[in-house]
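The values are calculated or read from the model by the stated rules, or taken from the named source; none is laboratory data. Everything quoted here is computed from the prediction, not taken from an experiment. In this analysis, Cβ positions are derived from the backbone assuming ideal geometry, glycine residues included, and neighbour counts consider all displayed protein chains. Just the protein is used for accessible areas: all its heavy atoms, side chains included, with ligands, DNA and RNA removed. Shrake-Rupley method; radii C 1.70, N 1.55, O 1.52, S 1.80 Å.
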Number of protein chains: 2
Amino acid sequence: MRSYDSASQKRRAGPCAPQPAGPGELRRAPLFAGVDEATLSRLSADARIESLQDGDSLFHQGAVVTDLAFVLSGYVKLLRLSSSGRQTLIGIRSNGEMIGEAPTDANEIHTLSAEAVGATRALKLPAARFARLLKESPSLCAAVMQDSKESIARLVGEVESLKSQNADQRLAHFLLGLCPPGEDRCRFRLPYDKRLIAARLGVKQETLSRAFAKLRAHGVRTETRNVHVESVLHLADQCDRLGRPPRLSLGRRKIETQCDAA
Amino acid sequence: MRSYDSASQKRRAGPCAPQPAGPGELRRAPLFAGVDEATLSRLSADARIESLQDGDSLFHQGAVVTDLAFVLSGYVKLLRLSSSGRQTLIGIRSNGEMIGEAPTDANEIHTLSAEAVGATRALKLPAARFARLLKESPSLCAAVMQDSKESIARLVGEVESLKSQNADQRLAHFLLGLCPPGEDRCRFRLPYDKRLIAARLGVKQETLSRAFAKLRAHGVRTETRNVHVESVLHLADQCDRLGRPPRLSLGRRKIETQCDAA
């Protein structure tokens, strides 16, 4: 009986047991890059690092915001659940990015759900402490306002892409964003599976497969998750052309509404 | 020569001549609802009201932000211009809403262009004064953070709609948002023309026409810009059903990527 208990405790307290985090770990999140040392030190009290496995939930839409979380390694998907039960992928976070929004008041509610994609490490800070320090620290306030601007810019880019680019263009832009900087011919690995890439780009899986096939003519070869790009410059140059119907020259400088034509 | 000059000056200074604005006009913008009197009074120095005609530009993407603008009456469309010259409608502002984003620093650049839709009145405040007061007034800071949250929520809703709703559902939601509250059977006028509604919903004009035709079966009748809804409750109830293919039951609780199927 005793050995069973101890094994059970070990399982529960195993890879998911939170570890304490200090100002050093907080500095890895871009949000805190310009925040003063004193604020960072106060923020890091009760901060912790949590290890998650694929599919583990970080928080649920509609729940009270108890923590502010950041991705230390791995990926986190942000999902919106409609009243009819439909789930829509809103975004994917990685590399020190904030997961969700900064709480500015007590008892805020999560507007999205967050779930780990593969093995993921997350940094969590108590939301109440963050909201309190936000009222006291101008540098933290400026950081949150800057982060909101970046979120808005990212979402505007997303709306632009969904409204004006077809699947081929969206995939080409996505792949260009993954190419290592400074190399024209390059190889890299897709960060997550193609089902998630399709949801990220707002296209069906079969449409994504067709887009991958089409990009072969533009020097993009894929083998499972490995991608080889013949020329980044050529691919970037083709992005605009991928949006044009084969024999029809599209009118420019008009409001484009290609989403339903993708 | 003299009369020509004076006529020319009159034309230039005609309906578009800015009028001074006070704290009362500022209070009409929801952003300023919770801002203290002293800050509002300082903000309103050099505030002015401008009258614009259909198509008049408020600002251009890439230009330095010199003013913070709000819609007092009418509509303003926010446009993104791509490097290839393609214009995408990002959103439409009205009823005291901010046009663009609050400047938090000097020399910020507009990330979108803004243009009046029909006769429009806009309130403008100098951006430099606003950014300076933002650093001094906690209530203005809180207001800007709250406004950013609302912008993010609106854009997330937009991404959700573009990724998971077909044209029929998007139109039904758009019309439901225009129904006068508290009435089940109602009449109203479309706020702007169908070309702009198509761009707003991210669908082609012919797709929008088909969606309007389809909604007739659900009690929505349109005559030019006049809309009659038989039952708001019935229409709301049908929204989810409009997303399902006629004879196929769609799997739920999976990530939906219907955008390219609309």
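The amide H of B:Lys204, built 1.01 Å from its N in the peptide plane, has A:Asp260 as neighbours under 5 Å, considering only residues 5 or more places off or on other chains. Per-residue ellipticity at 222 nm computed for the protein assembly as shown from its helices equals -11500 deg cm²/dmol, with DSSP H segments shorter than 4 residues left out and the rest contributing -39,500 (n - 2.57).
Eigenvalues of the alpha-carbon gyration tensor of the protein assembly as shown, scaled by 5 and square-rooted, set the equivalent ellipsoid semi-axes at 39, 32, 25 angstrom, largest first.
Which FRET efficiency, nearest 0.05, do A:Arg121 and B:Asn95 yield, Cβ-Cβ r, R0 51 Å? The calculated FRET efficiency here is 0.70. Annotation: per residue accessible area for the protein assembly as shown equals 49 Å², rounded to a whole number [probe 1.4 Å, protein chains only].
Helix A:127-136 and the long axis of chain A differ in direction by around 90°, with both axes built from C-alpha atoms. What angle do you read, to the nearest 10 degrees and between 0 and 90, between the alpha-carbon axis of helix A:2-12 and the longest principal axis of chain A? Roughly 50 degrees between the two axes. Each Lys and Arg contributes +1 and each Asp and Glu -1, all at the Cβ; summed about the Cα centre of the protein assembly as shown, the dipole is approximately 1620 debye. Interface between chains B and A: roughly 5200 Å² of accessible area buried, both sides summed (probe 1.4 Å, protein heavy atoms only).
Modelled this way, with points 7 Å down the Cα-to-C-beta line, the labels at B:Ser139 and A:Ser209 are 6.1 nm from one another. Each Cα pair under 8 Å and six or more residues apart adds its separation to the average, and for chain A the resulting relative contact order is 17 percent. Look at the alpha carbon pairs under 8 Å that are at least 6 residues apart: their mean separation over the length of segment B:83-205 gives a relative contact order of 25 percent. Using heavy atoms of the protein chains and a probe of 1.4 Å, the accessible area assigned to A:Glu223 is about 140 Å².
The residues of segment B:55-98 listed by number as losing at least 50 Å² of accessible area in the complex, against the isolated chain and with a 1.4 Å probe, are B:Arg80, B:Ser84, B:Arg86, B:Gln87, B:Thr88, B:Ile90. Placing +1 on the Cβ of every Lys and Arg and -1 on the Cβ of every Asp and Glu, with nothing else charged, gives chain B a dipole about its Cα centre of roughly 820 debye.
Taking every alpha-carbon pair in chain B and binning the separations at 5 Å intervals from zero gives 1, 5, 10, 14, 15, 14, 12, 10, 8, 5, 2, 1, 0, 0, 0, 0 percent.
Take B:Asn95, push a point 7 Å out from Cα through the beta-carbon direction, and compare it with the same point in every other copy: 4.0 nm, smallest first.
Surface composition of the protein assembly as shown: carbon plus sulfur atoms hold 50% of the accessible area, using a 1.4 angstrom probe and ignoring ligands, DNA and RNA. According to the Kirkwood relation over distinct C-alpha pairs, the hydrodynamic radius of segment B:2-157 is 16.4 Å. Rg ratio for segment B:72-204: its Cα radius of gyration over 2.2 N^0.38 Å, N being its residue count, equals 1.20. What relative contact order, as a whole-number percentage, does segment B:2-157 give when Cα pairs under 8 Å and 6 or more residues apart are counted? About 29 percent, as a whole number. Annotation: amide H-H contacts under 5 Å for A:Glu97 (H modelled 1.01 Å from N, sequence separation of 5 or more, or interchain): A:Val71. Relative to one another, the C-alpha centroids of segment B:112-169 and segment B:75-106 are positioned 9 Å apart. Between A:Phe188 and A:Ser84, the distance separating the two model label sites (each 7 Å from Cα on the Cα→Cβ line) works out to 3.6 nm. Of the whole protein surface, A:Glu206 contributes about 100 Å² of accessible area at a 1.4 Å probe radius. Comparing the full protein assembly with the isolated chain, the residues of segment A:134-159 losing at least 30 square angstrom of accessible surface (1.4 Å probe) are A:Cys141, A:Met145, A:Ser148, A:Lys149, A:Ile152, A:Leu155, A:Val156, A:Val159.
Largest to smallest in accessible area, the residues B:Ile49, B:Ile109 fall in the order B:Ile109, B:Ile49 (1.4 Å probe, all protein chains included).
For chain A, find the longest principal axis of its Cα atoms and tell me its angle to the long axis of helix A:138-164, 0 to 90°, nearest 10. The two axes meet at around 30 degrees.
For the set B:Thr207, A:Thr224, solvent exposure ranked by accessible area (probe 1.4 Å, protein chains only) runs largest to smallest as A:Thr224, B:Thr207.
In chain A, taking the dipole from charged Cβ atoms about the Cα centre, the farthest positive-side position among A:Leu89, A:Ala114, A:Leu242 is held by A:Leu242. Put a dot 7 Å past the Cα of A:Asp46, heading toward its Cβ, do the same for B:Ala63, and the two dots end up 4.8 nm apart. Think of segment A:2-158 as a dipole: +1 on every Lys or Arg Cβ, -1 on every Asp or Glu Cβ, centred on the Cα centre; then among A:Pro20, A:Ala33, A:Gly62, A:Pro20 lies furthest on the positive end.
For A:Ile109 and B:Leu176, FRET efficiency with R0 = 22 Å and r from the beta-carbon atoms, rounded to 0.05? Working shown, then result.
Working: r = 23 Å, r/R0 = 1.04.
Approximately 0.45, to the nearest 0.05.
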